[in-house]
Amino acid sequence: MLNKQGFDLWANEYDQTVKVSEESNVYPFAGYKKILNTIFNEVMQTVQSKVLDIGFGTGVLTSKLYENGHQIDGIDFSGEMIAIAQAKMPLANLIEWDISNGIPNEIITKKYDAIVSSYALHHLTDEAKITFIQQLLPLLNDDGKIFIGDIAFQTREDLEKCRKESAGYWDEDEFYFVADEIHSVLGDVCTLEFHRISHCGGVFVISK
């Protein structure tokens, strides 16, 4: 798993790495553009919404929302990626923060129409993901939603199938979403939908 320094070094090549994987329709980024487009289109349903992006990276998704008049707060732990994203979004409030430490104090009392995260939460363990999502729910406005696009599978069997097919370059240090397992834990505390986009990715839609 890449640490903060690793992501700083990877920042300038990150988008190209994603592009190669996506165009080849292979793990881990198969369906990447469709996943981001799905989230973009959902957020665009509300005009000039307040958006929090968790792990915004180089700002591929959030910069498009910014260009369309949405108010952007963002969290990422790579200073180099923040610099790239800030150049695209000069007025965005971008915070350097490691989400393994929870929610930063700067936003703990804020409310958002949409909270988005793309390809970031797989760095948290399954247990930490659940805790983090529970921490995000109070930040939503009454009609707000959380949109998570990531490496994700409907069942544990689907994940294991992809692991076998991707032997040799599967990242054993990352923790991928399994929709059935997430729903079994969070189903009583929030509304949760999973939309499968590719064989190794999809979008979660979560609301209070």
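Please treat every number below as a calculation from the coordinates, not as lab data. Quantities reported herein were computed from a predicted structural model and do not represent experimental measurements. Quick reminder, even Gly has a Cβ in these numbers, built from the backbone with ideal geometry, and neighbours come from all protein chains shown.
Computed quantities for the displayed model
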{"read-out": "Of all residues in the range 96-121 being among the hydrophobic types (A, V, I, L, M, F, W, C) and in contact with a strand residue (DSSP E or B) (Cβ under 8 Å, 6 or more places away or on another chain), the one that is farthest from F56 (Cα to Cα)", "value": "I107"}
{"read-out": "Residue among F147, F175 that is within 21 Å of F29 (Cα to Cα), of a type in the set (A, V, I, L, M, F, W, C), outside any loop (DSSP other than H, G, I, E, B) and in contact with a helix residue (DSSP H, G or I) (Cβ under 7 Å, 6 or more places away or on another chain)", "value": "F147"}
{"read-out": "Only one of I151, I146, I197 that is out of contact with any Asp or Glu (no Cβ under 7 Å at 6 or more places or on another chain) and over 20 Å from E23 (Cα atoms)", "value": "I146"}
{"read-out": "Odd one out for E160 among (1) under 24 Å from T38 (Cα atoms); (2) loosely packed, with under 14 Cβ neighbours inside 10 Å; (3) not β-branched (V, I, T)", "value": "(1)"}
{"read-out": "Residues (part of a strand (DSSP E or B), buried (at least 20 other Cβ atoms within 10 Å of the Cβ) and free of Cβ contacts under 8 Å to residues at least 40 places away in the same chain) located in the range 77-122", "value": "L94"}
{"read-out": "Scope the range 26-49; condition without any contact (Cβ under 8 Å) to a residue 12 or more places away in the chain and among the polar types (S, T, N, Q); matching residues", "value": "N37, N41, Q45"}
